[in-house]
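Beneath this line is the structure, given in structure tokens, with notes to follow.
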Amino acid sequence: MRLIALLILFASPAMADVPKVVTDFGPVQSLVLDVMGDLGPPQALLPTGGDPHDFQLRPSQADLLSNADVVFWVGPQLMPALGDALTALAPKAQTVALLQTTPVRAFAEGGTDPHAWLDPVNGKAWLGTIAETLSTRDPDNADIYRANALAAQDQLTTLDGGWQALLTQSRPKPFVAYHDALGYFTDHFRLTMIGAIELSDATPPSAARLFDIQGIITSGHAVCVFPEAGRDAKLIAALTEGLPVRIGAPQDIEFITTKPGPGQYARMLDALVQGLVDCLNPP
């Protein structure tokens with residue numbers, strides 16, 4: 001009986017040395033969950049319903065940072081306030097700004113677009129970075145981290161092939177998004193996004209901006225306008241009133257209404273693809 005107990009002990013993950021992992025928000029937390037598996041869960045600073053663009057540190061979040069061994073975040077381009085907090089509260093933690101590990105694109109009006117997780121190629125790369133970071137920090141569980149990352153990467157590769165095929169008829173059809181955040185996604189899938197209601201700084205659109213977007217919808221022959229989860233749906237209804245355009249399903253690209261969990265990153269991308277197809281190519 002003692003031998004069996006010892007075998008079980010050595011076959012189990014080395015839980016005592018698992019690092020305390022903190023992430024910035026839902027999409028990154030879900031990727032880390034995919035890598036850590038039963039060794040998790042990592043904690044997210046931003047709760048479901050929070051907007052990463054408006055992040056302000058709370059005392060409970062400060063406690064998470066001060067106790068962290070590793071912090072994975074997109075980078076200061078998405079959550080500027082977190083950069084200063086990391087320096088002050090987590091000086092001994094290993095911090096990994098994932099946006100620095102993959103190619104970036106610029107917004108049309110200038111500045112780095114931080115929404116790189118919306119390209120599944122970047123998602124796969126980030127899974128690898130997360131796995132290698134944790135493997136170096138926690139070598140006893142390196143095989144688990146790497147195997148989990150590989151499984152998640154393989155799943156994304158398979159799903160991406162299906163998404164590419166599903167979007168074939170949607171590619172040439174113009175649409176307008178709520179938030180100027182889909183650049184990585186539209187570049188990867190070669191889609192035709194002709195405008196965004198809210199520009200890259202995530203400030204509420206002015207009356208002049210809404211007037212401009214109505215002109216873009218009309219002159220660009222937009223097929224669909226897509227709301228964003230957590231934003232005022234009445235604005236979309238007022239914007240499109242009287243225009244020959246469909247309103248698509250709300251896009252939850254920043255996990256405003258989505259609870260993070262294992263596999264949730266892939267499900268978010270799948271919902272984004274399905275929402276586009278349903279509106280751009282209705283049955």
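What to note about this one:
- Sequence-separation-based contact order of the chain, relative, with Cα cut under 8 Å and 6+ spacing, percent: 20 percent
- Gaussian network model of the chain, Cα within-10 Å springs - most flexible of Ala207, Ala108, Ala222: Ala207
- Computed FRET value (nearest 0.05) for His221 with Thr136, which takes r as the C-beta separation and R₀ as 45 Å: 0.30
- Counted residue by residue at 0.36 nm each, then reduced by the alpha carbon distance between them, the extension gain from Gln274 to Thr192 reaches 27.9 nm.
- Looking at the chain alone, DSSP beta bridges between its own residues are antiparallel in about 10 percent of cases.
- Cα pair distances exceeding 29 angstrom across the chain, given as percent: 37 percent
- Considering only Cα atoms, the convex hull volume of segment 165-280 works out to 100 Å³ per residue.
- Mean-position separation - Cα centroids, segment 64-140 and segment 228-277, in angstrom: 25 Å
- Highest-MSF residue in the chain out of Ala62, Ala238, Ala44 [GNM, Cα springs under 10 Å]: Ala238
- GNM flexibility winner over the chain from Ala149, Ala237, Ala90 (Cα, springs under 10 Å): Ala237
- Dipole magnitude for the chain: computed about the Cα centre from +1 point charges on Lys and Arg Cβ and -1 point charges on Asp and Glu Cβ, it is near 340 debye.
- Excluding same-chain neighbours fewer than eight residues apart, the lysines reachable from Lys234 by a Cα-Cα span under 26 Å are Lys173, Lys259.
- 3J(HN,Hα) along segment 188-196: 5, 9, 6, 9, 10, 8, 9, x, 9 Hz, from the Karplus curve 6.51 cos²θ - 1.76 cosθ + 1.60 with θ = phi - 60°, whole Hz, x for Gly and Pro.
- Potential lengthening of the chain between Thr157 and Thr87 amounts to 21.6 nm, from the contour at 0.36 nm per residue minus the alpha-carbon distance.
Read-outs throughout are calculated quantities, based only on the coordinates presented, and are distinct from any laboratory measurement. Quantities reported herein were computed from a predicted structural model and do not represent experimental measurements. Using ideal geometry, Cβ is built from the backbone for each residue, glycine included, and neighbour counts are taken over all protein chains shown.
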